[in-house]
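The values are calculated or read from the model by the stated rules, or taken from the named source; none is laboratory data. Owing to the predicted nature of the structure, the values given are computational and were not obtained by experimental measurement. A quick note on method: Cβ atoms are made from the backbone with ideal geometry, for glycine too, and the neighbour counts reach across all protein chains shown. Just so you know, the surface numbers come from the protein's heavy atoms only, side chains and all, with ligands and any DNA or RNA stripped out. Shrake-Rupley method; radii C 1.70, N 1.55, O 1.52, S 1.80 Å.
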Amino acid sequence: MNPFRGLLACLEARSKGLCLAVLLALQSALMPSRSAALEVDGMSFPDEYVLDGQKLVVNGGGTRLYSWLKVKVYSGVLYASTRSSDAQTLIQTKTPRVLFVKMRVDSKRSDAVEAWRYYLEHNCSKPCTVASNRWTPFLEAMADLKEGDTEAYIFTGSGFELRRNERSVVKISDAELASLILAGWLGQEPTTPELKKALLGRH
């Protein structure tokens, strides 16, 4: 039934049942169509990430829990050109990957810098040769974050970019450093084993 013609018919017939059915059909027709969103612990994320015109698919998503209290710090989704459950494949590939993060609590810049120093150092074992002075531009881009802030960690074959609340804050032309940063989630010393598993799609 054409909902607009149906509306005229129900008004002429004065049928409550017919009018209700037509109004429901009209509501459905007028609602914008949206692609299904991915939910991570109640937070919605897009089911794809478009980077420079290229659509990346969901690889996995999870939440960073802190301490024995299991405080939910942030939720994130890893997008990739091709899905993979192998950490090294995702770390080393030259195709684009994006880790999109939404903050659940406020966080301090100093805490982020301290944590990143630890993960960069402990994931840089042989054959990694990324000297600590190459971390500097990345660490300097850290900031105090508020609940609801977003960060997109963008990894390509040529380097890394960080976008905060959809604004670019740093671009680094260092593919080896980019791999090391992603290893902070997927490497031998990940942020948490549970989050690593979730980002790899191993639920």
| query | Quick one: which strands (runs of 3 or more DSSP E) sit completely within the stretch 1-79 and have at least 2 residues that are at pLDDT 55 or above and open to solvent by 90 Å² or more (accessible area, probe 1.4 Å)? | reply | 54-66
| note | Of the listed residues (ALA183, ALA175), the one being surrounded by fewer than 21 Cβ atoms within 10 Å (Cβ to Cβ), within 19 Å of THR89 (Cβ to Cβ) and of a type in the set (A, V, I, L, M, F, W, C) is ALA175
| said: Looking at the structure I just gave you, is GLU140 under 19 Å from SER168 (Cα atoms) and loosely packed, with under 14 Cβ neighbours inside 10 Å? | reply: yes
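I need a count of the residues in the stretch 106-125 that are farther than 15 Å from THR192 by Cβ and either touching a helix residue (DSSP H, G or I) at 6+ places or on another chain (Cβ under 8 Å) or of a type in the set (Val, Ile, Thr) (or both). Explain how you work it out, then say what you get.
Filtering the stretch 106-125 down to residues farther than 15 Å from THR192 by Cβ leaves 106-114, 117, 120-121, 124-125.
So of that shortlist, the ones also either touching a helix residue (DSSP H, G or I) at 6+ places or on another chain (Cβ under 8 Å) or of a type in the set (Val, Ile, Thr) (or both) come out as 113, 117, 120-121, 124.
So the answer is 5.
Report yes if some residue within the stretch 172-182 is assigned to a loop (DSSP other than H, G, I, E, B) and out of contact with any Asp or Glu (no Cβ under 7 Å at 6 or more places or on another chain); otherwise report no. Even if it seems obvious, please write down each step before you answer.
Of the residues in the stretch 172-182, the ones assigned to a loop (DSSP other than H, G, I, E, B) are 173-174.
When the remaining residues are screened for being out of contact with any Asp or Glu (no Cβ under 7 Å at 6 or more places or on another chain), the result is 173-174.
Yes, because at least one residue in the stretch 172-182 is assigned to a loop (DSSP other than H, G, I, E, B) and out of contact with any Asp or Glu (no Cβ under 7 Å at 6 or more places or on another chain).
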